[in-house]
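Worksheet for the structure shown next.
The values are calculated or read from the model by the stated rules, or taken from the named source; none is laboratory data. Everything numeric here is computed off the predicted structure, so don't read it as measured data. Glycine also receives a Cβ, built like all others from the backbone with ideal geometry; neighbour counts cover every protein chain displayed.
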Amino acid sequence: MSHKQLKVKYIQPVDLVQYAGASGDFNPVHTVPEVAQKSGHPQPIAHGMYVMGLVSKALEAWYPEGKLAKFQVRFLSPTYSGEELIVTETMITKTELDDLHGTIQVTDAHQQVKLNGSFELKGGKEHD
């Protein structure tokens, strides 16, 4: 069983604005601090798909030959602008065909869990 961890990045306001433009999701709770605060949040909330994309980038870095076949997540708490995210992976099984089945977790720098999930990679040999 392997255990990998990667500090992804600090989520910056410009990241959320750029993602809003790319995704077409212009809900101001993601980009406007005053709207987020009126909704009970201290900062704008990162788009869930943006956070999933960061996880996907981590998997690609760890397993560059793998093709993501399944990716399921459950969001447990919001991710805010200004937070640093840490992606942790624990490999569960590896098949004879080098397919990988694993779990993934995203936390912030204070170890608050943001996301739990699972993945399946086809042909996922580890990067040396």
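Before moving on, here are some points about what is shown:
- Members of the stretch 87-128 that are out of contact with any helix residue (DSSP H, G or I) (no Cβ under 9 Å at 6 or more places or on another chain), small (Gly, Ala, Ser) and either without any contact (Cβ under 8 Å) to a residue 40 or more places away in the chain or on the phi < 0 side of the Ramachandran plot (or both): 109, 118
- Filtered by the rule that a residue be of a type in the set (Asp, Glu) and under 21 Å from residue 15 (Cβ atoms), the stretch 79-118 gives 83, 84, 108.
- Among the residues of the stretch 83-111, those identified as in a loop (DSSP other than H, G, I, E, B) and either in contact with a Gly (Cβ under 9 Å, 6 or more places away or on another chain) or surrounded by fewer than 13 Cβ atoms within 10 Å (Cβ to Cβ) (or both) are 95, 96, 97, 98, 99, 109, 110, 111.
- Members of the stretch 1-58 found to be of a type in the set (Phe, Trp, Tyr) and surrounded by 14 or more Cβ atoms within 10 Å (Cβ to Cβ), listed by number: 19, 50
- Residues satisfying the stated conditions in the stretch 2-16, i.e. within 13 Å of residue 81 (Cα to Cα) and over 17 Å from the mean Cα position of the chain (by Cα): 14
- Any hit, the stretch 73-80, residues being in a loop (DSSP other than H, G, I, E, B), surrounded by fewer than 16 Cβ atoms within 10 Å (Cβ to Cβ) and either hydrophobic (A, V, I, L, M, F, W, C) or modelled with pLDDT of 95 or more (or both): yes
- Qualifying residue in the stretch 54-68 (condition: under 16 Å from residue 5 (Cβ atoms), of a type outside the set (A, V, I, L, M) and touching a strand residue (DSSP E or B) at 6+ places or on another chain (Cβ under 6 Å)): yes
- Hey, residue 22 more than 21 Å from residue 113 (Cβ to Cβ), at pLDDT 95 or above, among the small types (Gly, Ala, Ser) and not in a loop (DSSP other than H, G, I, E, B) or not: yes
- Against the criterion of being outside any loop (DSSP other than H, G, I, E, B) and modelled with pLDDT of 95 or more, residue 7 does not qualify.
- Total residues in the stretch 83-128, condition within 25 Å of residue 37 (Cα to Cα) and under 15 Å from the mean Cα position of the chain (by Cα): 13
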